[in-house]
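What follows is a short report on a single structure.
No value in this document is a laboratory result; all are computed from the given coordinates. All of these numbers come straight from a predicted model, not from anything done at the bench. A quick note on method: Cβ atoms are made from the backbone with ideal geometry, for glycine too, and the neighbour counts reach across all protein chains shown.
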Amino acid sequence: MEAVGTGDTAAFEQLVEKHQALVLGTVGRMLGHNSDVEDVAQQVFVRVWKSAKRYVPRAKFTTWLLKITRNLVFNELRRRKRHMATSLQGEPGEEEMQVKDERMQQPDSSLLESELHEAIASAIAQLPETQRMALVLRRFEELSYEEIAEVLDQSVPAVKSLLFRARTELRQRLKSYLSR
């Protein structure tokens, strides 16, 4: 980060390459996989570049990076609430591109698996933003409670409470799948 602060673009490229999976994964899980994910991830790294001269290493770099990510994701979620957009349909008569599934599963098992994944993603998307962010950081990014607390500006007990409430809510919303 010191090199990035001096304007070293090669150092910045290395930093982006090293951390883009973390940022893209976190943003994608928070916003759902759509065109906004790459835009928000790019905004994160633009913010890192612009803030590089002012960066003071008080905690791990990834914690600082995830705080920026959190702020931009929450901003995007608020923007979406204000501008509830409808999805655009393809033009009439326009063909949709079909993608072949290379995994050789039985249609019924792949359908059930797909349905379960959609139900899980939907249940996670319905969580309040702070619970969702805590869950994403713990489950998918494997951060410690302490690291999550720093990213969310919460205490460790508050993070544990957020995760408990998120898991309870997910269990409730997915109970029909859990009893199968």
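What the table shows:
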read-out: Neighbourhood net charge (12 Å Cβ-Cβ; Lys/Arg +1, Asp/Glu -1) for Arg139; value: +2
read-out: Summed side-chain charge close to Val37 - residues other than Val37 whose Cβ falls under 12 Å, Lys, Arg +1, Asp, Glu -1; value: -3
read-out: Computed E for Glu13/Lys175 - FRET, C-beta separation, R0 41 angstrom, nearest 0.05; value: 0.30
read-out: Where labels lie 7 Å past Cα in the beta-carbon direction, separation of Lys67 and Asp39 in nm; value: 2.7
read-out: Modelled FRET efficiency - R0 30 Å, Ser144 with Tyr55, Cβ distances, 0.05 increments; value: 0.85
read-out: Ranked packing of 120-130, 149-159, most packed first, by mean Cβ within 10 Å; value: 149-159, 120-130
read-out: Cα gyration tensor category, rounded, prolate or oblate, for the range 20-64 with a/c compared to 1.5; value: oblate
read-out: Efficiency of FRET between Leu112 and Val46 - r from beta-carbon atoms, R0 30 angstrom, step 0.05; value: 0.15
read-out: Farthest positive-ward along the range 1-83 dipole, Cα basis, beta-carbon charges - from Leu77, Leu31, Phe45; value: Leu77
read-out: Dipole magnitude (debye, nearest 20) for the range 1-83, charges at Cβ of Lys, Arg, Asp, Glu; value: 620
read-out: Whether the range 107-180 is rounded, prolate or oblate, judged on the alpha carbon gyration tensor where a/c under 1.5 counts as rounded; value: prolate
